[in-house]
Amino acid sequence: MGLSEFITSHQEAILEECEAFAQTLLPAAAKMNKAALRDHAAQVLAAIALDMKQPQTRLEQREKSQGNGPRLNDNVPTAAEIHGSLRATDGFDVNQTAAEYRALRASVIRLWFASTPELGRDEVFELVRFNEAMDQALAESLLHFANEAAHMRNVFLGVLSHELRTPLSTIVASAHSLVLASRLQKHLPAAAERVLRGGKRIESLLNDLLDYVRSGIGEGMRVAPVALDVGLVCEKIIGELQALHPERGIVLQSRGELAGVCDEQRIAQAVSNLIGNAIKYGSPDADVQVALDGDDDNEIVIAVRNRGPVISSATRDSLFEPLVRGVSGDKTGVSLGLGLYIVREIAQAHGGSASVSSSAEDGTEFQIRLPRHAGANEVSAFAGLRMH
Ligand SMILES: Nc1ncnc2c1ncn2[C@@H]1O[C@H](COP(=O)(O)OP(=O)(O)OP(=O)(O)O)[C@@H](O)[C@H]1O
Ligand SMILES: [Mg+2]
């Protein structure tokens, strides 16, 4: 059987092998389901088999081996191009993306040889055509991977500069009035408070950013767990947020044993991100409810609930991805779309998890499940993400 025919008729077996390989590309692959892992591989393969059947000139052959082959339609991205873009948004790095193509090539050739084809001139010619088409697909994928990565970086820098400008302009304006007022000794406390608030917001944006950037250089988030009472940590953070938002009700309910072993600062950060979101995006006329559940011997569950528009199931999971901001609520506030990402990383660094549920009856609830006794982690909790 010729190679292109073999690819078409053995597509399932080839994809199975590639899928098994893609699953070893941890950690990016760890959060992907089966369908996502094979997503466009099937279409890439079909396009290659089809391409091998088309007659081609010598010029086309040379162009293709350099990734400049002819296109069926200039306006429609090829399967390989889509595959490359998706791999960038899924957190794969460039080596992992290229490795998938190596796996695809190796699987095809291995399975074809295993079927002991007769190797005449035509078959060898087909093998050459196959390699040229693979090179073309790889070049398309990598180009789109790089474009997508550059786009993500630009969006990120754009959002960052935009978001830093708001608190910074408050600081500058308030500093101006401080200078003027200091001559007359008027309005000093209010202006000083605005300077402080703007400065603190910039500080918190930069802290989030630092956590995110560290993830890119593989430093990761370390947790230093100590014995503490999760209830007390939450009470403290609720007290602070309540002082910042006296107009909003934040209600705490606790049950069971809340003594555990975890990183106090990181847990406070995660809970503060969740309550901050509930205040920002939740309905202003209902309390934010924080529920702590220590009934289980092995875990402590922290849930933050608010009323407001239901988050659709399609967008729910993506909210935990970095730089993702939903459409709901706050249009003017400062945000980078890193809050929930950091919440999830903190939960995972403790060996726990973060999730969300949302319905019209029960409202929106974000949950952190923590093992009662988290161990110190030496591995990067951010390892799933690389900055491109
Ligand atoms: N409690 C909530 N209710 C409704 N939507 C929410 C809630 N929490 C988060 N979201 C949605 O999820 C998106 C991502 O949240 P996340 O905390 O990661 O980023 P952000 O709040 O936009 O920015 P940052 O936290 O970095 O300042 C938000 O933009 C918002 O649309
Ligand atoms: Mg947030």
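Restricting attention to the stretch 77-102, the residues being among the polar types (S, T, N, Q) and surrounded by fewer than 18 Cβ atoms within 10 Å (Cβ to Cβ) number 2. Just one residue in the set VAL290, VAL223 is more than 16 Å from ligand 1 (Cβ to nearest atom), within 27 Å of the chain's Cα centre (by Cα), aliphatic (A, V, I, L, M) and not in a helix (DSSP H, G or I); that residue is VAL223. Residues in the stretch 10-42 that are more than 19 Å from SER141 (Cβ to Cβ) and at pLDDT below 70 were compared, and the one that is surrounded by the fewest Cβ atoms within 10 Å (Cβ to Cβ) is ASN33. Checked against (1) free of Cβ contacts under 8 Å to residues at least 24 places away in the same chain; (2) within 16 Å of ligand 2 (Cβ to nearest atom), ASN273 meets all criteria but (1). Is one or more of the residues making up the stretch 127-143 closer than 30 Å to ARG194 by Cα, free of Cβ contacts under 8 Å to residues at least 60 places away in the same chain and over 25 Å from the mean Cα position of the chain (by Cα)? Checked against the condition, which is being closer than 30 Å to ARG194 by Cα, free of Cβ contacts under 8 Å to residues at least 60 places away in the same chain and over 25 Å from the mean Cα position of the chain (by Cα), the stretch 127-143 yields no hits at all.
Applying the set (1) buried (at least 21 other Cβ atoms within 10 Å of the Cβ); (2) away from ligand 2 (no atom under 16 Å from the Cβ); (3) at pLDDT 95 or above to ALA303 leaves exactly one unmet item: (1). Among the residues of the stretch 113-124, is any under 23 Å from GLU12 (Cα atoms), modelled with pLDDT of 85 or more and aromatic (Phe, Trp, Tyr)? Scanning the stretch 113-124, I find at least one residue that is under 23 Å from GLU12 (Cα atoms), modelled with pLDDT of 85 or more and aromatic (Phe, Trp, Tyr), so the answer is yes.
The values are calculated or read from the model by the stated rules, or taken from the named source; none is laboratory data. For clarity, every value in this text was computed on a predicted model and none was experimentally measured. Note that each Cβ is placed from the backbone with ideal geometry, even for glycine, and that neighbours are counted across all protein chains shown.
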